[in-house]
Amino acid sequence: MAEDRENAEAIISEVHKKISDAFDVFDHERNKTVDVREIGTIIRSLGCFPTEGELQEFITEIEEEEATGYIRFERFLPTMTKLLMERKFRPIPEDLLLQAFEVLDQEKKGHLGTEELTKYMTQDGEPFTQEEMEEMLSAAADPDKNVIFYKDFVSMLTVDDK
Amino acid sequence: MRAAILIQRWYRQYVSRMEMRRRHTWNIFQSIEYAGEQDQVKLYNFLGYLMDNFTPSSSERNLISHIFRENEVCRDPEWERYFCYKNIDVPAVYSGPRLIFPITIDQAAGLVEAFKNKQQLHSRYVLQLLLETWKLLRMLPNINRISTCHSKEITICGDLHGQLEDLLLIFYKNGMPSLDTPYVFNGDFVDRGKDSIEILLILFAFMLVYPGDVHLNRGNHEDHIINLRYGFTREVLGKYKLHGKRILKLLQKIFSWLPLATVIDQKVLIVHGGLSDMTDLAVISRVDRHRVSVVSSLKYVSALRPPKKKSGSKSMLFSIDSDVDYDSATKDTIYNKRRASLVHANPFNSRESFQSRSLQDFSSVINRTKSEELEVRRRQMAFAHAGYSQSQQLFSTSVTSEFEPGSTDSLDTTNDEWKQILDLLWSDPMDQDGCIANEVRGCGCYWGPDMTEKFLNKHNLQLIIRSHECKQEGYEFCHNRKVLTLFSASNYYEVGSNRGAYIRLGPDLVPYFIQYQASDMTRELTLRQSVGRTERSALKALREQLFAHKTDLLSAFQEFDKENTGMISLNNWATAVGNVLHLDLPWRTLRSQLVTTTLHDMLDYQDWFQELAIKEPSVQTVLDTLYRHRSTLETIFRIVDTDNSGLISFEDFRQTWKLLSAFLKMEITDEAISDLVVSIDTNKDGSIDIDEFMEAFRLVDRSRLEQGHCLFIRKTEDTEGHS
């Protein structure tokens with residue numbers, strides 16, 4: 001129906017604007033390009049939760065044939081739009097996240113020691129850098145007891161979701 | 001393993017979101033800050049408008065000269081008498097530092113200690129210290145040339161803006177100024193922060209103790225007109241109720257005598273703002289720097305302009321500076337240059353060209369033909385004979401003496417000189433090549449990497465260190481690491497917004513950075529908390545701006561809502577807001593923070609305004625246009641109040657009101673003004689203080705509202721003269 005098409009167009013236009021706004025924040029030279037290292041931040045700020053591996057794939061897809069270190073908006077926009085419309089890389093439901101923490105908390109204590117968490121985060125999966133680890137600890141750890149009450153941590157950070 | 005990945009995925013997303021929010025917040029603050037500076041330029045335009053459009057009647061003439069009176073007449077010894085501190089007694093109960101001159105290092109250190117303990121220096125000592133400073137500064141050249149010989153490392157600091165904690169932190173980390181620890185302070189010591197005078201006193205004290213090792217560069221805020229608006233004047237008058245005026249007058253002189261730049265080892269240039277395509281250090285060394293201030297340039301220029309004829313002079317008024325490279329192909333990029341792009345056409349105000357006129361435009365008036373010049377001379381003679389007030393006469397005589405036939409050069413050079421100085425203090429670097437007018441700030445220019453290359457080669461330099469712009473990490477390189485911006489006021493916008501930095505430079509001339517953030521709180525704030533805090537502050541400022549533009553916004557919304565349903569789509573909301581506010585921000589993304597109640601993606605905009613009002617209870621009783629002009633109004637008051645007494649006469653008020661209402665295109669009869677004047681003086685003391693002044697605008701506002709009018713009625717036709 002014509003109306004549906006109109007709505008679809010409006011939605012896509014809205015999505016394009018969102019992507020454009022996010023892109024512009026990192027377009028320092030105002031020439032519709034961003035440093036490839038900022039792509040992760042842009043994609044995630046638009047509500048996606050890719051893994052580092054998935055991110056790499058995405059970048060390879062939109063990079064120039066000869067990598068310049070920059071990503072052009074013309075290549076970014078269509079791929080990103082598809083990502084959002086297909087709702088790929090959905091947000092992680094809170095309970096799933098909690099389960100993940102519980103898997104790590106083998107003794108089912110209800111909390112994780114900072115060293116414990118550090119070990120997992122910097123050795124397993126797609127490891128954190130030291131900076132990332134420090135930042136997470138400063139946000140998550142109870143400063144007195146040096147443990148992370150992950151249940152509180154999860155709810156505290158997920159409440160931020162728009 | 002999967003669990004770990006999941007957590008990492010989630011956490012990384014969270015960090016990205018925070019980073020995005022932090023950037024947005026930063027952009028908001030920057031946009032509003034630069035927009036505020038542009039307001040200041042609008043004020044200058046108003047004052048320029050005064051000069052242009054009124055063939056002065058005797059009383060108006062008095063007001064105008066009175067506003068610009070800078071007492072060039074007085075000789076320095078007369079001034080020294082005026083500033084004499086000797087008859088000021090210091091009561092026995094005073095527990096602050098008592099200075100004995102010549103000042104010693106112990107006394108300077110003692111001052112620092114005293115200010116740390118929140119003590120205030122007595123005005124007698126303030127004046128004495130300032131007088132000594134003035135004497136010293138007058139002997140300094142325009143460009144300080146210093147050296148890192150004897151393996152001394154020089155410490156360089158950027159903007160401090162009245163933030164004493166930052167200066168104390170620097171001294172703590174780096175040591176106080178001494179023979180072994182030389183310092184260069186790169187301007188903007190005052191305004192915005194609350195301890196500007198204390199910072200000045202400390203810097204001056206150390207400079208007096210170690211005149212060869214403490215160097216101060218002038219910043220764009222070391223200017224008494226800027227101080228009127230950005231808080232320094234208010235701070236001094238508040239702290240020194242009895243002698244504040246005298247102190248301010250003396251500071252005015254001191255500021256004008258501050259050196260303009262410093263060069264280290266003939267290789268590194270330190271200047272507050274930056275360059276332009278015209279910058280020439282040889283010219284700058286020659287200039288009479290103390291004659292140049294933003295207002296004096298205005299005054300100088302206006303004295304040369306013939307009174308406007310009723311016709312045909314429009315083009316001259318609105319011409320673009322012919323000096324500046326205005327490549328039309330790059331115009332779009334220019335418009336997008338800054339986050340706060342202020343050159344969008346304003347659909348609601350046909351005077352947009354007026355408002356975007358920069359002070360540089362005056363130069364086009366200067367470049368006139370010979371015959372026009374003769375005309376001007378003739379007019380000035382006429383003025384001189386017409387019994388002009390004394391200062392105005394001195395004006396014209398001092399100017400006509402330069403008007404030798406065929407000596408257009410002297411005119412042009414002087415114009416050239418002050419423009420170069422303004423460029424030094426106001427310019428910002430940009431990424432594109434070239435040099436264009438700085439329309440965001442309204443003064444100075446944007447200069448590109450090619451200009452830097454040219455300049456460095458021409459003067460055989462290797463690095464430019466400048467300040468003037470806040471940077472998140474306290475410093476930032478650009479132009480191939482040939483230009484370094486250094487900013488020393490941490491938490492400038494809000495706690496947690498940015499770090500400050502200072503540099504140590506040794507004989508190798510490689511800068512070493514030390515960063516800091518002066519607040520106990522910041523260390524403990526997590527990323528989330530500091531972003532959240534700064535963000536809330538930015539959003540608050542943004543909401544205030546939105547509310548201040550309510551009338552314009554309403555019109556814009558109504559454009560989209562022709563059927564008057566009271567609803568508007570969110571897309572249209574974003575478009576309208578972007579157009580009205582002229583702030584280049586991602587409105588769609590910010591929308592969720594600014595608009596909370598929507599129904600099917602449609603917004604009831606009247607409700608939304610109510611919401612904004614409720615969030616800002618202080619604004620509820622002050623209507624939007626008044627609010628927007630509030631700081632401008634205050635600045636105007638302080639300008640008219642030339643003796644800083646806090647009071648202006650009825651006559652001055654009447655004149656100011658008349659001129660202001662013409663400029664803003666308000667309709668008010670003379671009778672109405674007279675009634676207003678009388679009713680305004682609520683305490684009936686025969687003069688008007690600032691509260692009564694502001695109140696005047698509110699009263700008029702209310703009565704107009706009863707008639708269903710907007711406060712400032714806009715006319716759409718020409719801008720010549722007034723009825």
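The values are calculated or read from the model by the stated rules, or taken from the named source; none is laboratory data. Keep in mind the model is a prediction, meaning the values are calculated, not measured. No Cβ is skipped: glycine too gets one built from the backbone with ideal geometry, and neighbour counts run over all protein chains shown. The area values use the complete protein model at the heavy-atom level, side chains included, leaving out ligands, DNA and RNA. Shrake-Rupley method; radii C 1.70, N 1.55, O 1.52, S 1.80 Å.
Taking 18 Å as the cut-off, the amide N atoms of region B:111-139 that come nearer than this to a point 7 Å along the Cα-to-beta-carbon line of B:D89 belong to B:122-125. Remark: mean inter-chain Cβ contacts per residue of A:18-29 equal 4, using a 10 Å Cβ-Cβ cutoff to other protein chain atoms.
Residue by residue along A:120-130, Cβ atoms of other protein chains within 10 Å of the local Cβ number 4 on average. Chain B contacts chain A over a buried accessible area of about 4100 Å², both sides summed; the probe is 1.4 Å and only protein chains count.
In the calculated pair-distance distribution of region A:84-162, the portion above 15 angstrom amounts to 61 percent of the Cα-Cα pairs. With contacts taken as Cα pairs under 8 Å and at least 6 residues apart, chain A reaches a relative contact order of 18 percent.
Counting only other chains, and only Cβ atoms inside 10 Å, what mean value do you get across the residues of B:15-24? Let's see the in-between values first.
Working: counts 8, 10, 9, 6, 8, 9, 2, 0, 5, 4.
Rounded to a whole number, the mean comes out at 6.
Peptides B:544-552, B:186-194 ordered by packing proxy, namely the average of other Cβ atoms within 10 Å per residue, highest first: B:186-194, B:544-552.
Each 5 Å bin from zero holds the following percent of Cα-Cα pairs in chain A: 1, 7, 14, 16, 16, 13, 12, 10, 6, 3, 1, 0, 0.
Backbone amide hydrogens, once placed in the peptide plane, bring B:S497 within less than 5 Å of B:N491, B:Y492, excluding anything fewer than 5 places away on its chain.
Relative to the longest principal axis of the Cα atoms of chain A, helix A:2-26 runs at roughly 60 degrees.
Return the loop-located trypsin sites (Lys or Arg not before Pro) in region B:81-134 (DSSP other than H, G, I, E, B) with at most 12 other Cβ atoms within 10 Å of their own Cβ; answer none if there are none. Intermediate results must be reported in sequence, preceding the final value.
Numbers: sites: B:R81, B:K86, B:R98, B:K116, B:K118, B:R124; in loops: B:K86, B:R98, B:K118.
Hits after loop and neighbour filter: B:K86, B:K118.
Measuring how big region A:1-92 is from its alpha-carbon positions, Rg and Dmax come out at 13.8, 44 Å.
Rank by packing, highest mean first: peptides A:75-86, A:41-52, with packing defined as the count of other Cβ atoms within 10 Å averaged across residues. Could the numbers behind the result be given before it?
Details: A:75-86: 15.8, A:41-52: 20.7.
Sorting A:75-86, A:41-52 by mean packing, highest first, produces A:41-52, A:75-86.
The protection proxy used here, the mean number of other Cβ atoms lying within 10 Å of each residue, ranks peptides A:148-154, A:18-24, A:58-64 as follows, highest first: A:18-24, A:148-154, A:58-64.
The count of lysine pairs in region B:153-298 with alpha-carbon distances below 21 Å, taking only pairs 8 or more places apart or on different chains, stands at 9. For region B:84-156, the Kirkwood estimate of the hydrodynamic radius, built from every pair of different alpha carbons, is 14.8 Å.
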